[in-house]
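*Asks:* Before anything else, here's the structure in question.
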Amino acid sequence: MNYKNILFDLDGTLTDPKIGITKSISYALNKMGITVESLEELEIFIGPPLAVTFKEFYAFDEDKTNTAIEYYREYFSVTGLYENEVYTGIKELLELLTKDTSNRLFVATSKPQVFAQQIIDHFELGSYFEYVCGSELDGTRSAKAEIIGYLLENFNLNPEETVMIGDRKYDIIGAQHHGINSIAVGYGFGSREELTDIQPTYLAKNIQELTELLSAEQMSHSQKR
């Protein structure tokens, strides 16, 4: 399959945001009277919308969730945004993909669009992408299926020529919702069990495997799950 429309998740797929996100969550929880022993336990926040994780893991109601997100953004918008780094090999992959001018690359992230765009610009990745699509600051358009749907509709993308790449089950579920293929990447924050259970079209353990999948004219049967 020769994909022409390639949708990349941001956190855990293009960049490693672990330090910035976990410190921002720790800051927010601390302001709400909750002390976290280790930043490692906050990795669960990387990927899904913040509101989902605050409600699921801390049983916050709507008001507490909104307050926590406000506190999170106090730190993230100034400091956490830049406590981040592009994975080794990603720029080379994007360079390779954009050599073919018929390829169209997009960012599809649950992160607020304003922050996602700042990160892409900060790391000088903007020239590779036609559009950076994220959620709104008020929490709307935060589910990955909504984000993918927005790109398919507004950029007239043929689902048969489109693939979603991400490191969490939410990316794969979003792709499946629209009947498009998916590539789960094993170098991000989703466990192998999480990724295999959700049955992506393909699973790339590392960026080298991802590059091989995307650069091949035809994906062989042996590369499938």
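We did not get these values from a lab; they are worked out from the coordinates using the rules stated. Quick caveat: nothing in here was measured; it's all calculated off a predicted structure. A quick note on method: Cβ atoms are made from the backbone with ideal geometry, for glycine too, and the neighbour counts reach across all protein chains shown.
*Asks:* From the Cα trace of the chain, what convex hull volume per residue do you get, rounded to a whole Å³? Kindly include the intermediate steps, with their values, before the conclusion.
*Replies:* Numbers: hull volume 25.4 nm³, N = 225.
Residue-normalised Cα hull volume stands at 113 Å³.
*Asks:* At q = 0.29 Å⁻¹, what is the log10 ratio I(q)/I(0) for segment 18-82, with the Debye formula run over Cα points and no solvent?
*Replies:* One equal scatterer on each Cα of segment 18-82 leads to -1.53.
*Asks:* On to the next question. What residue among V52, G80, A28 has its Cα farthest toward the positive end of the dipole of segment 18-82, where the charges are +1 on Lys, Arg and -1 on Asp, Glu, each on the Cβ?
*Replies:* Ranked along the dipole, the leading option is G80.
*Asks:* With +1 on each Lys and Arg Cβ and -1 on each Asp and Glu Cβ, how big is the dipole of the chain about its Cα centre, in debye rounded to the nearest 20? Working shown, then result.
*Replies:* Working: 19 positive and 35 negative charges, 45 e Å.
Dipole size: approximately 220 debye.
*Asks:* Taking only Cα atoms, what is the 0 to 90° angle, nearest 10, from helix 144-154's long axis to the longest principal axis of the chain?
*Replies:* 50 degrees
*Asks:* Can you say what percent of the DSSP beta bridges in the chain, counting only those with both residues inside, are antiparallel? Round to 5. Intermediate results must be reported in sequence, preceding the final value.
*Replies:* Numbers: 3 of 23 bridges.
Here the antiparallel bridges make up roughly 15 percent for the chain.
*Asks:* Here's something else I'd like to know. Please compute the modelled spin-label separation between T101 and E41, points set 7 Å along Cα→Cβ, answer in nm with one decimal.
*Replies:* Going by the 7 Å Cα→Cβ label model, 5.5 nm.
*Asks:* What list of ³J(HN,Hα) couplings, whole Hz, do you get for segment 74-85 from phi and the Karplus terms 6.51, -1.76, 1.60, once you set θ to phi - 60° and write x for glycine and proline?
*Replies:* Working through the residues one at a time gives 4, 7, 5, 5, 9, 10, x, 3, 9, 8, 7, 8 Hz.
*Asks:* State the answer as a single residue: which of T162, F129, N181 lies farthest towards the positive end of the charge dipole of segment 124-225, with beta carbon charges of +1 for Lys and Arg and -1 for Asp and Glu, about the Cα centre.
*Replies:* Farthest towards the positive pole: N181.
*Asks:* In whole angstrom, how far apart do the alpha carbon centroids of segment 10-69 and segment 149-176 sit?
*Replies:* Between the Cα centre of segment 10-69 and that of segment 149-176, the gap is 25 Å.
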